[in-house]
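Trainee: Would you mind keeping the following structure in view while I ask a few things?
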Amino acid sequence: GIFHSVYFVRMIYSKISGIPIESNERNPSLKKKILFCFQVFLSLALLSFSLVITFGALFSNDTNAWDILPPYASIIIIAFCMSFAGIMDGTQVALFAVLGMPEDELLYHSNAYKNRDLILTECHMQAFLIGRQIIVTICTFIIARITSIS
């Protein structure tokens, strides 16, 4: 896939922190290692190309962004919206993980226990999921508006 650039970030984090990367595959073959490196390289190349095109269009005012929005502000808004959407998606994943945790493990993690109880009371979970989806959709539309080329 084209999202293998995330594995590159993971490798850098592993080197900096000294925490080894755990894999389910004990001894991958040379062919699999080469394929993985190619996928990471291709993903980084596509990501770099996309960023160059997008930033070039932003700084030459060839996008459908609002006229009063300077290019640097567009980049800040894009970064904020993408980060916020990622946090909201991660929160949903964490929520469903907490719902599946055993009670004795939840008692050990008091914040997770309190959040689970808060979500399970009344209709908070449904409201969170609907609100999360609306916010992610709004962020996507804002990003699309700023980055679409006119």
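Trainee: Suppose every Lys and Arg Cβ carries +1 and every Asp and Glu Cβ carries -1, with no other charges. What dipole size does the range 7-150 come out with about its Cα centre, to the nearest 20 debye? Walk me through the numbers before you get to the answer.
Mentor: Working: 10 positive and 10 negative charges, 126 e Å.
Dipole size: approximately 600 debye.
Trainee: Give me the extension gain from residue 105 to residue 11: residue separation times 0.36 nm, minus the current Cα-Cα distance, reported in nm with one decimal. Before the final figure, lay out each step's value.
Mentor: Numbers: separation 94, 0.36 × 94 = 33.84 nm, distance 2.99 nm.
Result for the pair: 30.8 nm of gain on full extension.
Trainee: To make sure I understand the rule: partners must be aspartates and glutamates, Cα under 18 Å from the Cα of residue 32, and not fewer than 8 residues away in the same chain. Which ones qualify?
Mentor: Of all the aspartates and glutamates, those that pass the test against residue 32 - Cα under 18 Å, at least 8 places apart if same chain - are 22.
Trainee: Hey, another quick one. Where a Cα-Cα gap under 21 Å defines reach, which lysines qualify for residue 15, not counting those fewer than 8 residues away within the same chain?
Mentor: Reachable lysines: 33.
Trainee: Then there's this: Rounded to the nearest whole Å², what accessible area per residue is found for the range 65-150 with the 1.4 Å probe?
Mentor: Working: 5840 Å² over 86 residues.
The answer is 68 Å² per residue.
Trainee: Which percent of Cα pairs goes in each bin when the distances of the range 7-73 are cut into 10 angstrom slices starting at zero?
Mentor: Using 10 Å bins, I get a P(r) of 17, 29, 24, 18, 11, 1 for the range 7-73.
Trainee: Could you work out the local net charge near residue 140, counting Lys and Arg as +1, Asp and Glu as -1, over the other residues with Cβ closer than 15 Å to its Cβ?
Mentor: Numbers: positive: 132, 145; negative: 89.
It works out to a net charge of +1.
Trainee: Filter the chymotrypsin sites (Phe, Trp or Tyr not before Pro) in the range 1-90 to those in DSSP coil with at most 15 other Cβ atoms within 10 Å of their Cβ, and list the result. Numbers along the way, then the final one.
Mentor: Details: sites: 3, 7, 8, 13, 36, 38, 41, 49, 55, 59, 66, 72, 80, 84; in loops: 3, 66.
Sparse-neighbourhood loop chymotrypsin sites (Phe, Trp or Tyr not before Pro): 3, 66.
Trainee: Considering only protein heavy atoms and a probe of 1.4 Å, how much of the accessible area of the chain is carbon and sulfur, as a whole percent?
Mentor: On the way: 7760 of 11250 Å².
Carbon with sulfur: 69 percent of the solvent-accessible area.
Trainee: Right, another one. Which ³J(HN,Hα) values in Hz, rounded to whole numbers, follow from the phi angles of the range 136-150 under the Karplus curve 6.51 cos²θ - 1.76 cosθ + 1.60, where θ = phi - 60° and Gly and Pro get x?
Mentor: Result, ordered by residue: 4, 5, 4, 4, 5, 5, 5, 4, 5, 5, 6, 9, 6, 8, 7 Hz.
Trainee: Gaussian network model of the chain, Cα springs within a sub-10 Å range: biggest mean-square fluctuation belongs to which of 16, 135, 77?
Mentor: 16
Trainee: Additional query: Give me the log10 of I(q) over I(0) for the chain at q = 0.15, 0.18, 0.19, 0.21 Å⁻¹, as the Debye formula computes it from C-alpha points; what are the numbers?
Mentor: Log10 of I(q)/I(0), two decimals: -1.05, -1.13, -1.15, -1.21.
Trainee: The range 10-68: which trypsin sites (Lys or Arg not before Pro) are DSSP loop and have at most 10 other beta-carbon atoms within 10 angstrom?
Mentor: Values: sites: 10, 15, 26, 31, 32, 33; in loops: 26.
Answer by residue number: 26.
Trainee: Which of 125, 82, 11 ends up with the largest GNM mean-square fluctuation for the chain, with Cα atoms connected below 10 Å?
Mentor: Ranking 125, 82, 11 by mean-square fluctuation puts 11 first.
The values are calculated or read from the model by the stated rules, or taken from the named source; none is laboratory data. Remember, predicted model here, so these are calculated numbers, not experimental data. Positions of Cβ are generated from backbone atoms using ideal geometry, with glycine treated the same way; all protein chains shown enter the neighbour counts. Keep in mind that these areas ignore ligands, DNA and RNA; they rest on the heavy atoms of the full protein, side chains included. Shrake-Rupley method; radii C 1.70, N 1.55, O 1.52, S 1.80 Å.
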